[in-house]
Amino acid sequence: MSDYTDILYEARDGVARITINRPEKYNAFRGKTCDEMIDALNRAGWDKSIGVIVLTGIGEKAFCTGGDQSAHDGGYDGRGIIGLPVEELQGLIRDVPKPVIARVNGYAIGGGNVLVTCCDLAIASESAQFGQVGPKVGSVDPGFGTAYLARVVGEKKAREIWYLCRRYTAKQALEMGLVNAVVPPAELDAEVERWCMEILAMSPTAIAIAKRSLNADSDNIRGIGGLGMQALSLYYGTEESQEGVKAFLEKRKPNFRKF
Ligand code: 2NE
């Protein structure tokens with residue numbers, strides 16, 4: 001697969017850049033987007049001329065806003081347990097034997113925030129905003145999106161993020177350890193480039209072993225994710241979940257009181 005419609009792929013000077021290209025949807029992903037990202041990650045991950053992978057979204061508004069709610073009808077429009085192979089995508093970010101850097105240029109919301117969580121490193125523009133929205137829109141990201149988030153930002157903060165669905169600034173994301181660096185928007189590309197060049201100077205095999213070793217401690221979370229997706233597919237069939245999706249699309253507050 002190389003005729004991508006939902007992403008851009010560029011490989012140059014040892015760095016592969018995967019860019020979600022759905023600006024009209026604030027870079028939300030549908031089934032096809034996930035499949036293309038999986039294809040591109042495999043392509044970059046096993047290309048010996050590539051030492052670092054950068055994941056980002058087109059434009060300045062959004063890095064990624066998670067599942068495309070307009071492609072959600074009691075389930076998403078693609079393959080897999082919930083119609084979005086997100087657990088495969090998240091697992092692959094961890095499995096490719098090279099660092100994946102999230103270049104966070106705007107909103108990293110819902111599944112977009114989970115992608116940031118799963119990436120090895122994250123560098124954000126000062127204008128980026130982060131947060132989970134699942135309980136507001138009738139969804140949840142079990143596995144890496146919840147349990148691994150707690151490893152990254154701590155248990156109490158992860159619970160706050162999921163239970164209150166607030167938005168966090170790039171500075172707050174830095175303070176909680178969700179991102180590694182924050183720079184003014186105009187300096188984002190130069191900063192990402194600097195981090196890539198530093199990594200490219202290292203032994204790729206040592207980096208690959210370090211990555212797998214760092215992964216090992218949290219790999220059990222993958223099983224929770226698979227189990228959780230099965231539960232999520234049942235939840236998506238309920239009136240309660242559908243109220244969340246409908247409310248988002250109708251631009252109103254959800255009413256979950258009767259549930
Ligand atoms: C991103 C955010 C915070 C932006 O808010 P605001 O107020 O700045 O803009 P607005 O008007 O909400 O959004 C701008 C346009 O982008 C679309 C909106 O519908 C709107 O379109 P127009 O009215 O201009 O035509 N848009 C934004 N996000 C979208 C999305 N995800 N799908 C489709 N269209 C989207 C605000 O928009 C927000 O909170 N978005 C909610 C994102 C959301 O619900 N994501 C899914 C969470 S569940 C999930 O990701 C997931 C997973 O990770 C794993 C498994 C299953 C699900």
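Structure values in brief
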{"quantity": "Sole residue being in a strand (DSSP E or B) and of a type in the set (Lys, Arg), chosen from Arg79, Arg17", "calculated": "Arg17"}
{"quantity": "Selection count where residues are closer than 27 Å to Pro254 by Cα, within 14 Å of the ligand (Cβ to nearest atom) and among the hydroxyl-bearing types (Ser, Thr, Tyr), scope region 127-179", "calculated": "4"}
{"quantity": "Any hit, region 182-196, residues being in contact (Cβ under 8 Å) with a residue 24 or more places away in the chain and exposed (fewer than 12 other Cβ atoms within 10 Å of the Cβ)", "calculated": "yes"}
{"quantity": "Residue in region 58-81 that is of a type in the set (Val, Ile, Thr) and open to solvent by less than 20 Å² (accessible area, probe 1.4 Å) present", "calculated": "no"}
{"quantity": "Helices (runs of 4 or more DSSP H) wholly inside region 165-236 containing at least 1 residues that are over 25 Å from Ile109 (Cα atoms)", "calculated": "188-200, 204-216"}
{"quantity": "Checklist (1) open to solvent by 50 Å² or more (accessible area, probe 1.4 Å); (2) of a type outside the set (Asp, Glu); (3) within 16 Å of the ligand (Cβ to nearest atom); (4) in contact with a strand residue (DSSP E or B) (Cβ under 8 Å, 6 or more places away or on another chain) applied to Leu8, failing item", "calculated": "(3)"}
{"quantity": "Residue list for region 237-259, filter: part of a helix (DSSP H, G or I), open to solvent by 50 Å² or more (accessible area, probe 1.4 Å) and within 15 Å of Lys136 (Cβ to Cβ)", "calculated": "Glu240, Gln242, Lys246, Phe248, Leu249"}
{"quantity": "Filtered residue count, region 31-62, keeping only those that are within 28 Å of Ala186 (Cα to Cα), assigned to a helix (DSSP H, G or I) and β-branched (Val, Ile, Thr)", "calculated": "1"}
{"quantity": "Cross-chain or 6+ apart pairs with Cβ under 6 Å, region 61-79 first and over 19 Å from Gln132 (Cα atoms) and touching a residue at least 24 places away in the same chain (Cβ under 8 Å), then in a helix (DSSP H, G or I) and within 8 Å of the ligand (Cβ to nearest atom)", "calculated": "Asp77/Ala71"}
{"quantity": "Criterion (away from the ligand (no atom under 16 Å from the Cβ), more than 17 Å from the chain's Cα centre (by Cα) and acidic (Asp, Glu)) met by exactly one of Asp3, Asp73", "calculated": "Asp3"}
{"quantity": "Residues being under 17 Å from Gly91 (Cβ atoms) and either within 16 Å of the ligand (Cβ to nearest atom) or among the charged types (D, E, K, R) (or both) - total across region 41-63", "calculated": "2"}
{"quantity": "Extreme residue, farthest from the ligand (Cβ to nearest atom), among residues of region 76-98 that are charged (D, E, K, R) and at pLDDT 95 or above", "calculated": "Lys98"}
{"quantity": "Residue in region 32-47 that is in contact (Cβ under 8 Å) with a residue 60 or more places away in the chain and in contact with a Leu (Cβ under 9 Å, 6 or more places away or on another chain) present", "calculated": "no"}
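The rows are residues; the columns are (1) crowded, with 24+ Cβ neighbours inside 10 Å; (2) among the polar types (S, T, N, Q); (3) at pLDDT 95 or above.
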residue	(1), (2), (3)
Ile123	yes, no, yes
Gln132	yes, yes, yes
Pro135	no, no, yes
Phe144	yes, no, yes
Leu149	yes, no, yes
Glu160	no, no, yes
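The values are calculated or read from the model by the stated rules, or taken from the named source; none is laboratory data. Just so it is clear, the structure is predicted and the values come from calculations on it, not from any experiment. Note: ideal-geometry Cβ built from the backbone for every residue, glycine included; neighbour counts use all protein chains shown. The accessibility values were calculated without ligands, DNA or RNA, using every heavy atom of the protein model including side chains. Shrake-Rupley method; radii C 1.70, N 1.55, O 1.52, S 1.80 Å.
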